[in-house]
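Peer 1: Once you've had a glance at the structure underneath, I'll fire off some questions.
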Amino acid sequence: MGTTGILPIEIAQARRLLAPQAGSLRRFHVMNRIKFHVKKGDNVEVVSGNFRGSSGKILQVLPKKQRVLIEGVRIIKKHLRKSQDNPTGKIAEREGPIHISNVRLIEKEEKTRKGTKKQAKTKPEKAKS
């Protein structure tokens with residue numbers, strides 16, 4: 001027993017009462033989604049870095065790493081080992097990621113509506129007799 005006269009059991013109970021409950025936090029927690037100035041399908045130009053001046057269409061956005069893959073920019077060679085698909089092995093060329101701050105939007109992708117377009121219904125006119 002300490003000098004304050006509080007038992008260790010009481011301290012543990014107080015901690016449990018004051019500690020936030022995991023379930024209640026989940027209820028109020030909202031996923032933070034980072035919003036970028038570009039998205040997949042936009043035409044962009046590389047503003048700075050080794051690939052300055054080149055442009056292309058965004059193939060993929062990597063939000064956790066804050067990077068984008070641009071069509072035809074930063075082509076890297078990936079060595080693939082032998083497999084059933086590649087019996088002799090292969091050197092594949094693909095796009096490498098570029099930081100999103102080095103990219104400037106040229107033209108946005110046109111929005112397309114999902115689903116079917118609603119057609120205006122026309123009511124047949126009834127002849128008054």
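Any read-out appearing in this document is the output of simple, stated calculations on the displayed coordinates, not a laboratory observation. Predicted model only: the values in this text are computed from it and were never measured. With ideal geometry, Cβ positions are generated from the backbone for all residues, glycine too; neighbour counts draw on all protein chains shown.
Peer 1: Among the residues in the stretch 61-76, are any on the phi < 0 side of the Ramachandran plot, in contact with a strand residue (DSSP E or B) (Cβ under 7 Å, 6 or more places away or on another chain), surrounded by 12 or more Cβ atoms within 10 Å (Cβ to Cβ) and polar (S, T, N, Q)?
Peer 2: no
Peer 1: Under 6 Å between Cβ atoms, which residue pairs at least 6 apart in sequence (or on different chains) link something in the stretch 82-111 that is over 16 Å from Gly49 (Cα atoms) and in contact (Cβ under 8 Å) with a residue 60 or more places away in the chain with a partner that is among the polar types (S, T, N, Q) and not in a loop (DSSP other than H, G, I, E, B)?
Peer 2: Ile106/Asn43; Glu107/Asn43
Peer 1: Filter the stretch 78-94 down to residues that are touching a Gly at 6+ places or on another chain (Cβ under 7 Å) and surrounded by 10 or more Cβ atoms within 10 Å (Cβ to Cβ), then give me how many there are.
Peer 2: 2
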